[in-house]
Amino acid sequence: MTELVIENYKVQTTGADGGHNYILTEIDYKGIIRRIVILFSDKSEEPDINENKTIKVIGKIKDDGIEYDLMMSNATMKK
């Protein structure tokens, strides 16, 4: 599991299942700046997301190659 402290991010929304929020940001991953999409495991954590607040998320990062964005699914927010 990886813990990320994120300060600069955008909250995006899907239309699936009544709408889910997810985070889009960039991180330094193995010395390279990469985009990452963070999907939460529990919809109840999504309303707590505020783009003006530093957050900590924990999850497993999936890397399908440099040509694709990184993906962290089933992430949880650490309070």
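The values are calculated or read from the model by the stated rules, or taken from the named source; none is laboratory data. Worth saying up front: this structure is predicted, and the values here are computed from it rather than measured. Just so you know, the surface numbers come from the protein's heavy atoms only, side chains and all, with ligands and any DNA or RNA stripped out. Shrake-Rupley method; radii C 1.70, N 1.55, O 1.52, S 1.80 Å.
Here the accessible area is traced with a 1.4 Å probe on the protein chains. For the chain, carbon and sulfur cover 46 percent of it. Projecting the alpha carbon convex hull of the stretch 2-78 along each direction and taking the average yields 5.0 nm².
Within the listed set E67, E46, E26, the Gaussian network model of the chain (springs between alpha-carbon atoms below 10 Å) gives the highest mean-square fluctuation for E67.
Whole number in Å², please: accessible area per residue of the chain, 1.4 Å probe, ligands, DNA and RNA not counted. Walk me through the intermediate numbers first.
Details: 5170 Å² over 79 residues.
I get 65 Å² per residue for the chain.
For T2, the residues whose modelled amide H falls within less than 5 Å of its own, excluding neighbours fewer than 5 places apart on the same chain, are G59, K60, I61.
At full extension, D63 and K30 could sit 10.8 nm farther apart than now, given 0.36 nm per residue minus the alpha carbon distance.
For the stretch 23-30, the Karplus equation 6.51 cos²θ - 1.76 cosθ + 1.60, evaluated at θ = phi - 60°, returns couplings of 10, 10, 7, 10, 9, 8, 10, 6 Hz by residue, with Gly and Pro reported as x.
Would you work out the relative contact order for the chain, in percent, from Cα pairs under 8 angstrom that are 6 or more residues apart? Let's see the in-between values first.
Details: 155 pairs, mean separation 26.1, N = 79.
That works out to 33 percent.
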